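The next block holds one structure in the form of structure tokens; read it before the comments.
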Amino acid sequence: MDVSYDWLKELVDVPVSPEELMDKVSRTGIEVDSVHRLGDGLKKIVIGHVESVKPHPDADHLRITMVDTGEDELRQIVCGAPNVAAGQTVIVALPGARIGDNVKIKRGKMRGVVSDGMLCALQELGFSNDLAPKAYDDGIYVFDEALKPGSDALAALGMEDAVLDFEITPNRADALGMRGVAWEVGATYGNKPHFNDQPVVETGKPIADYLSAKVADTNDAPAYQMRVVDNITIKDSPLWLQRRLWNAGVRPINNIVDVTNLIMLGYGQPLHAFDYAQLGSKEILVRRAHAGEPLTTLDGNEHELTTEDIVITNGEKPVALAGVMGGLDSEITAKTQTVVIESAMFAPTPIRKTALRYNLRSQASARFEKGVDVGSINLALDEAARLMAELGDGEVATGTLSASQVPADPEEVDISLDRINHVLGTQLDEATVTALLDRLGFGVTVADGLFAVSVPTRRWDIHIEADLIEEIARLYGYDNLPSTLPTTTMTVGEFTPMQARRKRSRKLLEGLGLTQIISYSLTTAAKANAFQLEPSEETHVAWAMTADHETLRRNLVSGLVDAVAYNVARKQTDLALYEQGRIFPRSAGHTQPAEKEYIAGALTGNVIQKSWHQAAKPVDFYYVKGIVETLLADFRLEQPVQYVPTKRPDLHPGQSAQIMLGDEVVGLIGRVHPRYEQDQSIPETYIFELNLEALMLADRSEMTATPAPKFPSVTRDIAVQVATSVANAEIEAIIAANGGKFLRDTRLFDVYSGVKVAPGQKSLAYTLTYRRDDQTLTEDEVNNAFAKIVAALETQVGAQIR
Amino acid sequence: MSMDLKTRLEQLREENQKRIKETTDLDALNQIRVNLLGKKSPITEVLRGLKNLDQDERPKVGAFANQIKADLQANLQTRREALEQAAIDAKLESETIDVTLPGDQMQEGTPHILDQIMDDIEEFFIGQGYQVVDGPEVEEDHYNFEMLNIPKNHPARDMQDTFYIDDQLLMRSQTSPVQARTLEVHDFSKGPLKMISPGRVYRRDTDDATHSHQFHQVEGLVIDKHITMADLKGTLLTLAQHVFGADRKIRLRPSYFPFTEPSVEVDVSCFRCNGKGCAICKYSGWIEVLGAGMVHPNVLTNAGVDADVYGGFAFGLGPDRFAMLKYGIDDIRSFYQGDLRFLTQFKEEG
């Protein structure tokens, strides 16, 4: 809401500058975003009187004017505007002037003729085309009243007036009119507004001679009031009215339309004016539109209406979309002689929906959506009729049509002093609270700490205690509230086990060299589908802004791959990244996806860069497996973790595995499929992905202490030659099963396949560690235990022991 | 005492002391020791002459000879230690390295700056006895809006453009629905509700430097029988001082959120210019950092909490905005692109 400082001062005493007002009102009521003046940056622009006009000898489209700018001699100015004529009062930019777009005006010659300044259009002073009156679109602006030559044109145009940009929140629609703003500013400084309302004088025929009005459903239009003004002359509005409009960002059209806009700006009550002669009947009926009923709105667009639209009809066909836009047929035109003014209250929701449906949101619909002051509906209507009659030389028909109305009774809200202080943490007394409420113009009676507050209709946002407490708090001043911390019974603050585990897992990966990223949960369908631990259904958002962010992710790896690609494209090739976040798998038949906490990583390039002291170490499957093993070891899982080779389109078929806990897939590890790498423009990249929730829920071993061993351990190395198809896990399982109770540890220290073993064979070498906790092991005990392992390996996997 | 023998012994001492002193080699020193103290030692030779001496002279000369022997042994010992030390010194000297060469590269990852900020805020409130509550990111319209006093077609829905999945489901546009969910299940007979809820939220925005369709919020809620707006102010003041520095001040300005009343926006005094005015605070001395208010009675009632007995405050802040302000980050997309050069500059503080 653009608030004119000059207009505001007519309605209430404002003891401070616009800038101070901006700051103060922002702190106590409504945020004011900025203060600007239309004339900011302009200078040396004065009123001129065109004394004579003659043709330019060398240019058909130019005229030579002699202009009185209040100096001793007339000023010769060459002008290209087709509408320039002797006798006009115009805007003159003097030499040295600065006009719109920071253009400087200099004395110069135009086609050989000296031009000592410039006659201006409003657009040349920075007005946009949809703000400057249309009548002067092709030429200079001409004042329709006499002004003193040489006087300040910016002042005459109201361009030195400060305009405050009030950011009206949905609850403060009362300040969508200057009167509401005046009340707010008045309450801020303890001044009551003064409105100087003048009575409407009815001199015309009874309104019933013109028209009847009816509302089909008063839920749609709880209040519907009309007046008629007859015998009017359509013309430009006087300068004072045009000024008000353009300072509020509204384009002047003609005296009738301008009055409806002025009243809307002043009272917050949108009005509509119909050309009575074009209504085509003597009745108005407000009803829902029939499905498919046509209406051409005054922007020239045709609409097929729905039964959700409220329309104003002439008894047969729609003449306006209620509260949103008038119809083209009954628009006020230069020929209009009789005006029907509508002042109403419409149901907010249908108005909002209609405005959205036809993309016709306007200042009027915005106000109806948020509600209007039932106490101003007729005040606004009367003032509109009075002004139209005055400015259009017409007469107001006698009486008001009232198709529906709402009583303008104040709302009574009770509140106790204790309640106020209890909520605010203050110790306000009765007198203070009473004074604050009085500043708002609320009626207050108080007895024994209980206030009965009578809230006028202009503050229809206030119904309950909390509403009053807010008014009191903001006017009392939030700066004056004490600062305390809550005093309650003690509560325990601690993370849930899942929260603690997520944080711990993050720290662990960071300790292992992985940097955390946060990627988008919404991604492409293809990316959402890849790298899933188990298949699930897609979930899409409706009306996605872009296909890049339209499907809920069901894996974290895709986002990491994106980050790898982003970095690699920027020559960052050694990467170790992880993300911890949610994935959204959906089961068939459900509309809502599940949300599961995952953790995943992606590594590419070198984990150690070559330096003077270290050899480069490129990442490989086993490096990433080491990260996963370290992370999983931290869970102390009861069941062993198994790595089961897997073949899937997104991972290398020979270098990837499902991570299994019993029958459950809890993770994935492996190299990204080279074809996928190529598609995503990333180099060789290894990933892992773990279902943190599944790991959290899995059985875990208790942590119990065992004393440090008192007796020495004995080690034996064993080299096992087997077929290359035999997995290390098989051999370790045989060793574990046959190791005996003294075998404490098995560690693989060499894997060899080459010239020293037969083709199709490989050799794995392990160090076995034996120990007894009650005495030192004997040589025989170790030899016997070792022999069992050897025998088992020979029989079960055909191993040769070397 | 025989002057001959004595002179001879003193001569021996003098000669050998000189040789010991001049020896720079441990082997040579050892040779001297063997020569001097072994069977063929010149001292022994000298002592053979004792038999030619008087009976009473013999012990004196013998004692003198032993004295000289002891002196030379001590000299040998001292010299050997010196030579050994020199050898060690020389060896260590030869092992000198360039300590200015760089150390080995260690593996160290960096937590994301947004998680750092959220972790910090979580720990701050955990210390004050708050719970951290997680809520769903795919939320029901019911919790995201209706329970929060934002019915369908409420103009406040314009303030947020929301990603809907279907009529009922949406990507939560705020963390506030966690308030409603927690209020619904909290057992007030067991004590007050003090919670925060951090997490991702989504808005139907086109990504640019200042807009992101995904960002983060931290919601806070305290409900009990005697929670005041002064408590809100004090809580936010301590938070602002914790995050932005001990000298910070805050101010509350009236605002509007459907789920709180009174509603306020909270400014913190500018941590760059300390309130004098600079580009960060747009020359106002204050920076808007969060929204807050006293929980609207409708929100309590909707969740089945008696609004006549219980009340309290709620606040919501944006870690993305906090980080952008605190570190001077001018493009919100930086948080989500995963550029290692951007992410690794934020080493953890404290």
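Bear in mind that the values in this text are calculations on the coordinates, not laboratory data. Because the structure is a prediction, the values reported are computed rather than measured. Because the Cβ atoms are built from the backbone with ideal geometry, glycine has one as well, and the counts that use them run over all protein chains shown.
At-a-glance table
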item: FRET efficiency, 1/(1 + (r/R0)^6) with R0 22 Å, evaluated for B:L101 and B:T344 via beta carbons; result: 0.40
item: Ranked packing of A:556-564, A:414-422, most packed first, by mean Cβ within 10 Å; result: A:556-564, A:414-422
item: Loop-resident sites, the range B:35-102, for trypsin sites (Lys or Arg not before Pro), counting at most 15 other Cβ within 10 Å (DSSP); result: B:K39, B:K40
item: Average silhouette area of the range A:43-156, convex hull of alpha-carbon atoms, in square nanometres; result: 6.6 nm²
item: The range B:166-274, relative contact order [Cα under 8 Å, separation at least 6], %; result: 18 percent
item: Fraction of antiparallel bridges per DSSP, chain A only, in percent to nearest 5; result: 95 percent
item: Solvent-free Debye scattering, log10 I(q)/I(0), computed from the Cα coordinates of the range A:243-347 at q = 0.13, 0.23 Å⁻¹; result: -0.47, -1.30
item: Point-charge dipole on Cβ atoms (K/R +1, D/E -1) for the protein assembly as shown, about Cα centre, debye to 20; result: 5200 debye
item: Residue-averaged beta-carbon neighbours from other chains (10 angstrom radius) around A:284-290; result: 0
item: Calculated [θ] (222 nm, deg cm²/dmol) that DSSP helices of n ≥ 4 give over chain A, each run adding -39,500 (n - 2.57); result: -7500 deg cm²/dmol
item: For the range A:497-697: rounded, prolate or oblate by the Cα gyration tensor [a/c cutoff 1.5]; result: oblate
item: Model label zone, B:V34; criterion: amide N under 20 Å from point 7 Å along Cα-to-beta-carbon; scope the range B:54-81; result: B:72-81
item: Within 10 Å of each Cβ in B:222-229, the average number of Cβ atoms from other chains; result: 6
item: Mean separation of Cα contacts under 8 Å, 6 or more apart, over the residue count of the range A:43-156: relative contact order %; result: 32 percent
item: Proportion of all alpha-carbon pairs of the range A:557-652 beyond 20 Å (%); result: 56 percent
item: Residues A:S753 and B:A74, FRET efficiency given R0 of 60 Å [Cβ-Cβ distance, rounded to 0.05]; result: 0.35
item: Violating pairs (Cα-Cα greater than 31 angstrom) within the set A:K235/A:K317; A:K43/B:K282; A:K192/B:K225; A:K507/A:K741; result: A:K192/B:K225; A:K507/A:K741
item: Separation in nanometres of the label points that stand 7 Å from Cα toward Cβ, at A:V444 and A:K106; result: 6.5 nm
item: Among A:539-548, B:329-338, the order from most to least packed when residues are scored by Cβ within 10 Å on average; result: B:329-338, A:539-548
item: Low-density loop positions, GluC sites (Glu not before Pro), the range A:1-90 - DSSP coil, at most 13 other Cβ in 10 Å; result: A:E71, A:E73
item: Set of aspartates and glutamates with alpha-carbon distance to B:K152 below 15 Å, sequence-local pairs under 8 removed; result: A:E369, B:E140, B:D141, B:D161, B:D166, B:D167
item: Nearby aspartates and glutamates by direct alpha-carbon distance to A:K214 (threshold 14 angstrom, same-chain neighbours under 8 apart not counted); result: A:E283, A:E316, A:E342
item: Theoretical gain in end-to-end length, A:S34 to A:T233 [0.36 nm per residue, Cα-Cα removed]; result: 67.8 nm
item: Reach of B:K249 by Cα under 13 Å, taken over aspartates and glutamates that are not fewer than 8 positions away in the same chain; result: A:D479, B:D267, B:E288
item: The protein assembly as shown - Rg and Dmax from Cα coordinates, angstrom; result: 45.5, 173
item: Cα gyration tensor of the range A:335-437 - equivalent ellipsoid semi-axes, whole Å, descending; result: 40, 21, 13
item: The range B:290-333 and the range A:243-263: distance between their alpha carbon centers, rounded to Å; result: 40 Å
item: Euclidean distance of C-alpha centroids, the range A:696-733 and the range B:57-81, integer Å; result: 67 Å
item: Mean separation of Cα contacts under 8 Å (6+ apart) over length of chain A, as relative contact order %; result: 8 percent
item: For B:W286, A:W183, A:W240, order by how many other beta-carbon atoms lie within 10 Å, fewest first; result: A:W240, B:W286, A:W183
item: The range A:381-467 - convex hull of the alpha-carbon atoms, volume per residue in Å³; result: 132 Å³
item: Linear extension gain, A:A547 paired with A:E73, 0.36 nm per residue minus alpha-carbon span; result: 163.7 nm
item: Chain B: DSSP helices with Cα axial extent of at least 15 Å and average Kyte-Doolittle hydropathy no lower than -1.0; result: B:26-37, B:57-94, B:113-126, B:229-244
item: Residues A:N191 and A:N83, FRET efficiency given R0 of 35 Å [Cβ-Cβ distance, rounded to 0.05]; result: 0.20
item: Loop-located trypsin sites (Lys or Arg not before Pro) in the range B:107-187 whose Cβ has at most 10 other Cβ within 10 Å (DSSP); result: B:K152
item: Mean-position separation - Cα centroids, the range A:123-179 and the range A:451-478, in angstrom; result: 34 Å
item: Stretch gain in nm, segment A:A525-A:H61, where the contour uses 0.36 nm per residue and the Cα spacing is subtracted; result: 160.8 nm
item: All-pairs Cα distance distribution in the range A:714-801, expressed in whole percent, bin size 5 Å; result: 3, 15, 27, 23, 16, 9, 5, 2, 1, 0
item: Estimated distance in nm for a label pair at A:M490 and A:H590, the labels positioned 7 Å out from Cα along Cα-to-Cβ; result: 4.0 nm
item: Within the range A:604-643, backbone nitrogen closer than 19 Å to the virtual label 7 Å beyond the Cα of A:V797 toward Cβ; result: A:622, A:640-643
